[in-house]
Amino acid sequence: MPKLGVNIDHVATIREARKVREPDPIAAATICELAGAHGITVHLREDRRHMQERDVRLLRQTVTTHLNLEMAATPEMLQFAIDVLPDMVTLVPEKREELTTEGGLDVVARSEDITKVVSSLRKHDVAVSLFIDPDLHQIKAAVRTGASFIELHTGSYASAYDFGEGNEWEEELVKLDNMAQVAQRSGLLVNAGHGLNYRNVGPVAEIKGLWELNIGHAIVGRAVLVGFDRAVRDMLDLLREKR
Ligand code: PXP
């Protein structure tokens with residue numbers, strides 16, 4: 001079964017709606033870990049719309065499983081990551097106006113600056129993952145940067161599954177599966193995420209060799225209703241069924 005990384009950004013979204021202290025994502029991370037999550041993921045965005053630097057620094061001290069920091073490949077963020085030293089950095093594209101990360105990183109077009117960021121982080125023993133679309137050119141370019149992981153963008157699959165027509169989702173799944181196998185044969189470890197939820201996660205969890213799924217909105221959404229402990233355990237049960 002793939003590991004489960006829980007993205008807790010939207011706990012901070014609720015807090016920032018009022019610019020107060022609660023709910024605290026640090027507490028949420030601890031509950032996720034106690035419920036069996038294999039890792040905690042946070043995205044420190046340039047506009048600081050949810051996670052704040054304080055959150056990432058505290059999580060570095062409190063997370064006992066695996067801390068994955070999603071960030072843009074900018075000099076400012078690189079400096080921050082080297083200061084905090086998360087277990088992993090996932091490089092993502094970032095646009096101020098987007099509601100959530102839209103496409104994958106264009107590693108082909110930005111290979112030079114991405115390679116520099118990857119090598120600086122690796123010198124500090126931080127594993128690096130590149131969030132990319134399931135596309136052969138992007139995978140080949142990712143290998144050349146020296147990153148050890150990629151995270152395949154599952155957004156198109158998820159929206160086809162939830163809202164698409166006919167067997168569109170199966171075509172997206174085949175694409176993810178093929179690219180996951182190509183990437184593994186090229187020596188990359190493969191994560192996946194974006195838009196995954198309790199309905200659509202099953203077929204992705206069955207893709208051979210996936211290391212970790214990063215899931216945020218669906219788990220936080222369920223946690224609002226039933227609590228984080230139950231929300232994480234429900235997701236882990238679904239992943240175990242696909243073992
Ligand atoms: N992976 C990456 C790289 C992301 O940017 C996000 C969203 O922050 C996720 C996974 C989780 O997506 P979702 O919140 O739709 O589960």
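The table for this structure:
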quantity: Options Ala29, Ala17, Ala35: the member that is under 17 Å from the mean Cα position of the chain (by Cα) and of a type in the set (Gly, Ala, Ser); calculated: Ala29
quantity: Test: residue in the stretch 87-101 that is over 18 Å from the mean Cα position of the chain (by Cα) and surrounded by 14 or more Cβ atoms within 10 Å (Cβ to Cβ); calculated: no
quantity: Residue within the stretch 225-241 that is free of Cβ contacts under 8 Å to residues at least 60 places away in the same chain, open to solvent by 40 Å² or more (accessible area, probe 1.4 Å), under 22 Å from Leu136 (Cα atoms) and more than 13 Å from the ligand (Cβ to nearest atom) present; calculated: no
quantity: Matching option when the condition is within 20 Å of Tyr161 (Cβ to Cβ), among the polar types (S, T, N, Q) and open to solvent by 10 Å² or more (accessible area, probe 1.4 Å), among Asn178, Asn200; calculated: Asn178
quantity: Given (1) of a type in the set (A, V, I, L, M); (2) open to solvent by less than 50 Å² (accessible area, probe 1.4 Å); (3) assigned to a helix (DSSP H, G or I), index of the condition Leu130 fails; calculated: (3)
quantity: Among residues of the stretch 173-209, those that are under 17 Å from Leu236 (Cβ atoms) and either within 13 Å of the ligand (Cβ to nearest atom) or at pLDDT below 95 (or both), counted; calculated: 10
quantity: Out of Gly146, Gly221, Gly155, sole residue that is open to solvent by 20 Å² or more (accessible area, probe 1.4 Å) and within 29 Å of Ala35 (Cβ to Cβ); calculated: Gly221
quantity: Condition met for Ser129 (over 22 Å from Ile40 (Cβ atoms) and hydroxyl-bearing (Ser, Thr, Tyr)); calculated: no
quantity: Some residue of the stretch 107-125 being of a type outside the set (Lys, Arg), more than 10 Å from the ligand (Cβ to nearest atom), under 13 Å from the mean Cα position of the chain (by Cα) and surrounded by 16 or more Cβ atoms within 10 Å (Cβ to Cβ); calculated: no
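The values are calculated or read from the model by the stated rules, or taken from the named source; none is laboratory data. Just so it is clear, the model here is predicted, and its values are computed rather than measured. No Cβ is skipped: glycine too gets one built from the backbone with ideal geometry, and neighbour counts run over all protein chains shown. Remember, those area values only see protein heavy atoms, side chains included, never the ligands or the DNA or RNA. Shrake-Rupley method; radii C 1.70, N 1.55, O 1.52, S 1.80 Å.
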